[in-house]
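S.K.: Would you mind keeping the following structure in view while I ask a few things?
The values are calculated or read from the model by the stated rules, or taken from the named source; none is laboratory data. As the structure is a computational prediction, the values presented were derived from the model and not from experiment. Positions of Cβ are backbone-derived with ideal geometry, glycine not excepted, and every protein chain shown enters the neighbour counts. Calculation scope for accessible area: heavy atoms of the full protein, side chains included, ligands and nucleic acids excluded. Shrake-Rupley method; radii C 1.70, N 1.55, O 1.52, S 1.80 Å.
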Amino acid sequence: MLLATVASLVALTTTVGAKRTVWSQAVVPASGSASAIGSYTAGCVRGAKALPLSGKGYEVMRPERKRYFGHPELLSVIQDLGKTLLAAKHGPILVGDLGQAKGGPSPRGHASHQSGLDVDIWFWHPRIAERRTLTRRERRKTPNHRVVDPKKLEYTKYWSDDVPAMIFAAAADARVSRVLVNPLIKKHLCETKGTKRKLLRKIRPWYGHADHMHVRLHCPKGNRHCVPQDEVPKGDGCSDLEWWLSPKAKKDRKKGKKQYLSNVGAVPLLPDQCQELVR
Ligand SMILES: [Zn+2]
């Protein structure tokens, strides 16, 4: 009995391991018309495109991770954001992970980024990126920097006007459903005079996100297998920050973070349409 259990456990681990590698080893997108399938945390993408490593106002970082694929609509949001911020002298933006060629769960780093609709964008960029495109080595080695220190509740020396500008520019795009940032950053935006209060609703506080913002798109039109996330609660969300930033809620936050981290690297049950992509 015990042996049987051990054997079935081994079998289970093997399937799970194999599934994970199937997604992370795919380097060619699944052919067909562009379609985000499933949810952001349990999904995949058909007809993804590779974001060119350099473009007007943006540079792709860590290309060796092969997570520069996304739904064409995501590529166009990034390219538009790059152009807007370059014109406003806040560029270029450095682009971190989008998703894998066929989307799906990644072995480490993210619970979401699975359906081709999520991207991480760095808050900081080195001055050199304003003058020329980055070399392959620079894309691999340039460190990212936190613009706030969540433990000390302070801004770091890497904070600049670029940060609010890029967050608001991303939130202003109608295709974007949420922008996740560190609660301390949202606090700054809530307190900034002249802020477009309406945009604050989309800007959500989340664990980490002190060195990058996570931009998430709505389900693109006509993608009928795409599962949207619950709508963001009404209001600017500025009063939620009390929970995020008060020492009293620390224990609660730790519990929440543990739960969140347990989803990172877990293999979710994917929709049948995803299984077809890796058969
Ligand atoms: Zn992210």
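S.K.: What is the number of the single condition among (1) closer than 20 Å to K56 by Cα; (2) assigned to a loop (DSSP other than H, G, I, E, B); (3) away from the ligand (no atom under 14 Å from the Cβ) that R139 does not meet?
M.R.: Unmet condition: (2).
S.K.: Given (1) within 16 Å of the ligand (Cβ to nearest atom); (2) in contact with a Cys (Cβ under 9 Å, 6 or more places away or on another chain), where does V176 come up short, assuming only one miss?
M.R.: So V176 meets the others, but not (2).
S.K.: For segment 36-63, how many residues are in contact with a His (Cβ under 6 Å, 6 or more places away or on another chain) and open to solvent by 10 Å² or more (accessible area, probe 1.4 Å)?
M.R.: Adding up the residues that qualify gives 0.
S.K.: Take G32 and decide whether it is open to solvent by 10 Å² or more (accessible area, probe 1.4 Å), without any contact (Cβ under 8 Å) to a residue 60 or more places away in the chain and on the phi > 0 side of the Ramachandran plot.
M.R.: yes
S.K.: Moving on. Against the condition within 16 Å of the ligand (Cβ to nearest atom), under 25 Å from E59 (Cβ atoms) and at pLDDT 95 or above, how does V148 come out, does it pass?
M.R.: no
S.K.: Quick check: anything in segment 100-115 away from the ligand (no atom under 13 Å from the Cβ), surrounded by 15 or more Cβ atoms within 10 Å (Cβ to Cβ) and among the hydrophobic types (A, V, I, L, M, F, W, C)?
M.R.: Within segment 100-115, one or more residues are away from the ligand (no atom under 13 Å from the Cβ), surrounded by 15 or more Cβ atoms within 10 Å (Cβ to Cβ) and among the hydrophobic types (A, V, I, L, M, F, W, C).
S.K.: Next up: Name every residue in segment 161-182 that is touching a residue at least 60 places away in the same chain (Cβ under 8 Å) and either more than 16 Å from the chain's Cα centre (by Cα) or closer than 11 Å to V77 by Cα (or both), in order of residue number.
M.R.: Listed by number, the residues that qualify are D161, D162, A165, A169, A170, D173, R175, V176.
S.K.: How many residues are polar (S, T, N, Q) and open to solvent by 70 Å² or more (accessible area, probe 1.4 Å) when one looks only at segment 20-29?
M.R.: Adding up the residues that qualify gives 1.
S.K.: Taking S24 and the conditions (1) of a type in the set (S, T, Y); (2) within 13 Å of H113 (Cβ to Cβ); (3) modelled with pLDDT of 95 or more, which numbered condition does it fall short on, given that it satisfies the others?
M.R.: Of everything listed in (1) of a type in the set (S, T, Y); (2) within 13 Å of H113 (Cβ to Cβ); (3) modelled with pLDDT of 95 or more, S24 misses just condition (3).
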